[in-house]
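Remarks on the structure that follows.
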Amino acid sequence: MRVMQSIVALLLLSSISFAAAIDLSFAVPMVAIIVGIFLAIMIMFANALSSPALMAWTKSEIRELIAGVILVAILFSLFITSQELSKAITGQEDYILASANVIENMLGNETSGYDTGYENVIRAATKIRIGATYSPYATIPVWLFSLMYSSSPLSGISIVLISLGQATQGLTNVIFLYEGLRLLILFFHSTIPTIILPLAFAVRLIPFTRRIGNTLIAVSLGAIVLLPLSVLIAGEINSLINYPDLTISNMGDLEPHPWPMELGTVFCGLKPIRFMFTLTDYGFAAIICLPLLLIPIVGAGLFSACYTLVSEVVYPIIMTVVKLAQLIILAIWLAWSEISVGVSGGFGSLGWPKDVVNILLPFLENVNNAILVGYVDLVVIAIITISGIKSISTALGGEWYLAGVERLI
C-alpha cells in the first residue's frame, strides 16, 4: 500500500511539472493555515465530545505542524545554502548548467567524446564494407560469345564488422543513458524549485501524508543538488585519468586499394558510357546515325549506310575495347589482392588486412575502455544520488518505498 502511495504521488507531481511555468510556493503557507484551522476545529470537537483520545491526537498533530513548519523553513534555507555551497565547490555560477555541460563534453568532445567514437566507428565500417563487398566483374570477349567473370577477393574482412557492430551498440547505450541523464538534470532544474519541492513541503504539513512528504522532499533535494553534484564529481574524476582517444587519425589507410577500384568507376560513373551500355548495337547505331536523316535528298541513303557500318563494325569494336579494359582492371585488382592479401593462400598477407588490424585493434580497445568508464561514472552517479536521497529520507522520517530502488545500494 505504501509503495503504491509513493508511486502515485511521484507520478502526480511529475505530471503536474509538465504544466506551464508556474510557482507553487504559495501553496506551502496556505496548506499550513488550512491544517492549522483543521486542527483548531478538531480541538473544538474534542472539547465538545469530551474525548481525551481525540484531544491527545490533536495536540500531537499541532506539535507536528509546528515542527513541520520549522522543518520546512530549515530545509528551504538549507536548499538555498546547498546551492551556494555547490557553486563554491565547483566554481561555477550555475552548477546545474555546469553539470549539463560536463555531460555534453563527455558526448561531444573532439577526441574522447562518445559521439566522436560513434562517428569514427561508422566511417571505419563504411570503408571496410566497401572493400569487403567490392566485386569487380568483366566480360571476356571470345569469338561469337563471351565469358562473365566476377570476384570478391576481400570478402573475408567483413568479419571485422561484427566487432564494429558491438562497439556501436555499446556506444549507443552509453550515449542514450547520458542524453537521458542530461535531460533529467535540466528537467529537475526547471520543475523542482518552483513546483515539485513546494508541493512536497505542502504534503509534509498534512497529517495523513507526512511520511510521503518527507520522502518527496528527500527525492527533490537529491535530484536538484546531489544529482548534478555527482555528475560534476564524475567529471573531475575523469579529468584525472588518461581518457581514451576515440579518433582514427589514419582513417585513409582503411581504403582497401583506391586506384584499381576508381578505375572501374569510369564504366559506371559516367552517364554517357552507362547509357551506351544499355543500348543494343541497333539502338546505338540508330542514335548515332539519326542526324543524317536531316540531309535533303541523300539523307535516307546515308542513314542506311551509317546504320549498317555502326551496328556491324563500330559498336562491336567499342564493346570489345570496353570489355578488354574491364578485363585489364580486373586482372590488376586480382593481382593486387593476391600480392597484398594472399586471398588464395599465396605469398601476400601483410598488406591491407594488417593495416586494418593495426588501426582497429587499438581503436576498439579505446572504445571498450571509454564505454567501461562511462558505465562506472553512471554507477558512481547513481550511488551518490540514491544513497543521499535514502539518507535524507531516513533522517526526515520519510518512507523509502520507491519500487525497490533501494536494492541498488
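The values are calculated or read from the model by the stated rules, or taken from the named source; none is laboratory data. All of these numbers come straight from a predicted model, not from anything done at the bench. For neighbour counting, all protein chains shown are included, and Cβ atoms are generated from backbone atoms with ideal geometry for every residue, glycine included.
Let's see how each residue does on (1) at pLDDT below 85; (2) assigned to a helix (DSSP H, G or I):
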{"residue": "GLY131", "(1), (2)": "yes, yes"}
{"residue": "ALA138", "(1), (2)": "yes, no"}
{"residue": "SER146", "(1), (2)": "yes, no"}
{"residue": "ILE157", "(1), (2)": "yes, yes"}
{"residue": "LEU171", "(1), (2)": "no, yes"}
{"residue": "LEU181", "(1), (2)": "no, yes"}
{"residue": "ILE185", "(1), (2)": "no, yes"}
{"residue": "PHE188", "(1), (2)": "no, yes"}
{"residue": "PRO198", "(1), (2)": "yes, yes"}
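Check whether at least one residue in the range 219-228 is outside any helix (DSSP H, G or I), without any contact (Cβ under 8 Å) to a residue 40 or more places away in the chain and either surrounded by fewer than 24 Cβ atoms within 10 Å (Cβ to Cβ) or out of contact with any Cys (no Cβ under 8 Å at 6 or more places or on another chain) (or both), and report yes or no.
Taking the range 219-228 and keeping what is outside any helix (DSSP H, G or I), we get none.
No.
(1) under 23 Å from VAL203 (Cα atoms); (2) part of a helix (DSSP H, G or I); (3) modelled with pLDDT under 75: which one isn't true of ALA73, the others all being true?
The failed condition is (3).
Filter the range 229-258 for residues that are of a type in the set (Gly, Ala, Ser) and in a helix (DSSP H, G or I); which is farthest from ILE130 (Cα to Cα)? So that I can check it myself, show each step before the final result.
Within the range 229-258, the first condition is being of a type in the set (Gly, Ala, Ser), and the residues that meet it are 230, 234-235, 239, 249, 252.
Next, only the ones that are in a helix (DSSP H, G or I) stay: 230, 234-235, 239, 252.
Values: SER230: 44, ALA234: 40, GLY235: 38, SER239: 38, GLY252: 13 Å.
Applying the filter and picking the extreme gives SER230.
Show the residue pairs that are 6+ apart or on different chains and have beta-carbon atoms under 7 Å apart, the first residue being within the range 357-386 and surrounded by fewer than 17 Cβ atoms within 10 Å (Cβ to Cβ), the second being not in a helix (DSSP H, G or I).
Cβ pairs passing all conditions: ASN369/PRO244; ILE383/ILE409.
In the range 105-122, what residues are closer than 10 Å to LEU246 by Cα and not charged (D, E, K, R)? Before you say what the answer is, go through the steps one by one.
Restricting attention to the range 105-122, the residues satisfying the condition of being closer than 10 Å to LEU246 by Cα are 109-121.
Once the filter is applied, which keeps residues that are closer than 10 Å to LEU246 by Cα and not charged (D, E, K, R), the range 105-122 yields ASN109, THR111, SER112, GLY113, TYR114, THR116, GLY117, TYR118, ASN120, VAL121.
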